[in-house]
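The values are calculated or read from the model by the stated rules, or taken from the named source; none is laboratory data. It should be emphasised that the depicted structure is a prediction, and the values quoted were computed from it without experimental measurement. In this analysis, Cβ positions are derived from the backbone assuming ideal geometry, glycine residues included, and neighbour counts consider all displayed protein chains. Side chains included, ligands, DNA and RNA excluded: accessible areas come from the protein's heavy atoms. Shrake-Rupley method; radii C 1.70, N 1.55, O 1.52, S 1.80 Å.
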Amino acid sequence: MDASDIKRIFLPLHPLLYRIALRITGNREDAEDLVQETYLRLWKQRDRLDTVGNAQAYAITTLRHVCFSALKSRPPDEMIRRFDPASDNNIRSDDDEMAERREESEMIVSIIDSLPSPRHEIVRMRDLEELPFDEIAEKTGLTQTNVRVTLFRARKQIKEIFKRLTNDR
């Protein structure tokens, strides 16, 4: 695939990729950097892109890998700060949709913090720090199966509490 094909196929995906990166990172500058890193990876893989069936899905998957790699390289404190409602790094916008998302994020963080131990620790390790199940099991002293079951139950509980709180509004 040559440069003109890449421009024609992948550049129109920029707004979509940016929105996804912004949702993952919560930071405009990081989102833009990660989209650029995605385009760089796609360029480096240009010889193999001819065989890709769905360019959009491939670009999104590449972006997600880039984002999660970047988030993994950050210290856990920084990742938690990014999702902390009191943090200055949160997206600031007068747009109602962004305000609603920020409010929902604050609610989810407080729900996670209110979970009993070890549920809240497991959710933070898996969903914020993105630790593998074996490492979480080692840190908590639980089996991997117990970690998975606890995570499932914690996520279910978060959804139920969130749904109840948002229906009460």
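Overview of values
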read-out: Residue under evaluation residue 128, criteria (1) modelled with pLDDT under 85; (2) touching a Pro at 6+ places or on another chain (Cβ under 9 Å); (3) open to solvent by 50 Å² or more (accessible area, probe 1.4 Å); (4) of a type outside the set (Val, Ile, Thr), criterion not met; value: (3)
read-out: Positions within the stretch 118-169 being farther than 23 Å from residue 102 by Cβ and of a type in the set (Val, Ile, Thr), in sequence order; value: 122, 136, 140, 143, 145, 147, 149, 150
read-out: Residue tally, condition open to solvent by less than 40 Å² (accessible area, probe 1.4 Å) and either assigned to a helix (DSSP H, G or I) or hydrophobic (A, V, I, L, M, F, W, C) (or both), over the stretch 2-37; value: 13
read-out: Test: residue in the stretch 38-47 that is of a type in the set (A, V, I, L, M, F, W, C), modelled with pLDDT of 90 or more and surrounded by fewer than 18 Cβ atoms within 10 Å (Cβ to Cβ); value: yes
read-out: In the stretch 99-125, the residues that are farther than 19 Å from residue 144 by Cβ, of a type outside the set (Lys, Arg) and open to solvent by 50 Å² or more (accessible area, probe 1.4 Å); value: 100, 103, 104, 105, 106, 108, 110, 113, 114, 116
